[in-house]
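Please treat every number below as a calculation from the coordinates, not as lab data. Just so we're clear, the structure is a prediction, and the values are computed from it rather than from any experiment. Because the Cβ atoms are built from the backbone with ideal geometry, glycine has one as well, and the counts that use them run over all protein chains shown.
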Amino acid sequence: MEEFGTYLTKIEAILEKDAAFKFEAYTFVLAALHDTVTKLKKPRHISGQELAEGIRKYALQQFGPMAKTVLKYWGVHTTLDFGKIVFALIEVKLLSKQPEDRLEDFDNVYDFDEAFGKYKIQDD
């Protein structure tokens, strides 16, 4: 149970430093990462673009036509915001990165209006 407390404390520390995104945005990105990685044939490190796409699919699965509304309520308006959340989680050591990973990897991966404007779930 202590591990869960540490997890909460680390996200709360992010929020104290920068409250741009709601608590739920951080936990959602972690859940979407888990969902994305578990769907791979073999677990591996994924790129920012792959994670942004995984987050899109997970958001549509979880929230359907309300996905864009929910994300915006949490303060998430662009794929770069996903990157900011990921790098904040890296900073508090809830996630790790490879040397080649950059915040810019999340920039303009897709347009929110196009990605979430029409309700659709695409399977690969």
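Can you tell me the dipole magnitude for the chain around its Cα centre, using point charges on the Cβ only (Lys, Arg +1; Asp, Glu -1), in Debye to the nearest 20? It would help to have the intermediate numbers written out before the result.
Details: 17 positive and 21 negative charges, 63 e Å.
Around 300 debye, computed over the chain.
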Once phi is turned into θ = phi - 60°, what whole-Hz ³J(HN,Hα) does the Karplus curve with 6.51, -1.76 and 1.60 give for every residue of the range 44-55, x standing for Gly and Pro?
-> 7, 5, 10, 7, x, 5, 5, 5, 4, 5, x, 5
Assertion target for PHE106, PHE112, ordered by fewest C-beta neighbours within 10 angstrom first, is PHE112, PHE106
Go through the range 60-77 residue by residue and turn each phi into a ³J(HN,Hα) via Karplus (6.51, -1.76, 1.60, θ = phi - 60°); whole Hz please, and just put x for glycine and proline.
-> 5, 5, 7, 10, x, x, 8, 3, 4, 5, 5, 4, 5, 4, 7, x, 9, 10
J(HN,Hα) series, the range 91-100, from Karplus relation 6.51 cos²θ - 1.76 cosθ + 1.60, nearest Hz, glycine and proline x = 4, 9, 6, 8, 10, 10, 9, 8, x, 7
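If you stretched the chain out fully between GLN62 and GLU12, how much longer would it get, using 0.36 nm times the residue separation minus the C-alpha to C-alpha distance? The partial results should precede the final answer.
On the way: separation 50, 0.36 × 50 = 18.00 nm, distance 2.39 nm.
Going from the current span to full extension adds 15.6 nm.
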With viscosity set to 1.002 mPa s and temperature to 20 °C, compute the Stokes-Einstein D of the chain, Rh being the Kirkwood radius across alpha carbon pairs; µm²/s, no decimals.
-> 144 µm²/s
Among 17-29, 35-47, how do they line up from the highest to the lowest mean number of other beta-carbon atoms within 10 Å?
-> 17-29, 35-47
